[in-house]
1. Relative to the Cα centre, what is the charge dipole magnitude of the range 40-146, using +1 at the beta carbon of each Lys and Arg, -1 at the beta carbon of each Asp and Glu, and rounding to the nearest 20 debye?
2. Can you sort Y171, Y87 so the residue with the fewest Cβ neighbours within 10 Å comes first?
3. Taking neighbour Cβ counts within 10 Å as the exposure measure, how do S20, S68 sort from fewest upward?
4. For the pair K43 and K160, what calculated FRET efficiency results from E = 1/(1 + (r/R0)^6), where r is the Cβ-Cβ distance and R0 = 25 Å, to the nearest 0.05?
5. Output the peptides 174-183, 30-39, 114-123 sorted from most to least packed, where packing is the average of other Cβ atoms within 10 Å over each peptide's residues.
6. Determine, for T159, T190, T167, the number of other Cβ atoms within 10 Å of each Cβ, and report the residues in order from fewest to most.
7. Taking amide H positions as placed in the peptide plane 1.01 Å from N, state which residues far from V21 in sequence (5 or more) or on other chains have amide H under 5 Å from it.
8. If I model a spin label as a point 7 Å beyond the Cα along the Cα-Cβ vector, how far apart are those points for K26 and L102 in nm?
Amino acid sequence: MIRKPAGKKQGEKERLKNLSVIHNIKTCPLYVYIDAVCEDNLKGLIVSGSPSEEDLKIGLAEMTAEFSALCGNGHTDSVSNSVRRIYELKNTIMAYLLAVNLIHSGDYSCLVQLRGFGITGREPKNDAERDKLLKLIEGKSKGKTVHLKEELKRFDDLTKDKESRATAEDYAEQIAAVSKFAGFHINKMTITLSDYAGYVKLYNKSIKHIPNGQHE
């Protein structure tokens, strides 16, 4: 009979259960995004719980890619590829974490799904085999975590270093210009990033049809 060990991962499981981070441009206020991008203030992305810096950066990465795509930003392809990789790594790590929790509880139904994440093996028949399987999964998880940190660094490079980093003043000027185009004042405190992206896209399209030197 296989002994069921105490839940070593229970603390992390509960942390993730109670964790909530803004990662959707439809719910993110524009001012929160500007603070995160320009001032590295990620605390505004926290909805509940105690997310790690990586959790917050992943949320920001998802929104940056979506916002860039809607606005027609030149970084769309490279940023989207980076975010896609972050998604993949995040989902793989979560799958490993879930598998560890299930195995600790004596549930081996996850072994079939693990094959899709590069782990094959039979159901353990004793404690030694189970511990060996857990060690393998945890090792894979640590490796993916390292890759995730590297990809997050790459994302930072793509969004901050490739061109001069946008400042709060840059956004203020853009908001003023887009407000003039839209015919009303855009309040960064109340408008969502998604709605703002829509106005920016229309504004950018209008500029393309204005002869050089005739737009401010």
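Here, each number is a calculation from the coordinates, and none is a lab measurement. Everything numeric in this text was worked out from a predicted model, so none of it was measured. Neighbour counts run over all protein chains shown; Cβ positions are idealised from the backbone, glycine included.
1. For the range 40-146, the charge dipole is close to 380 debye.
2. Listing Y171, Y87 from fewest to most nearby Cβ atoms yields Y87, Y171.
3. So the ranking, lowest neighbour count to highest, is S20, S68.
4. With R0 = 25 Å, the Cβ-Cβ based efficiency is 0.85.
5. 30-39, 174-183, 114-123
6. Lowest count first: T190, T167, T159.
7. V47
8. Modelled inter-label distance: 2.9 nm.
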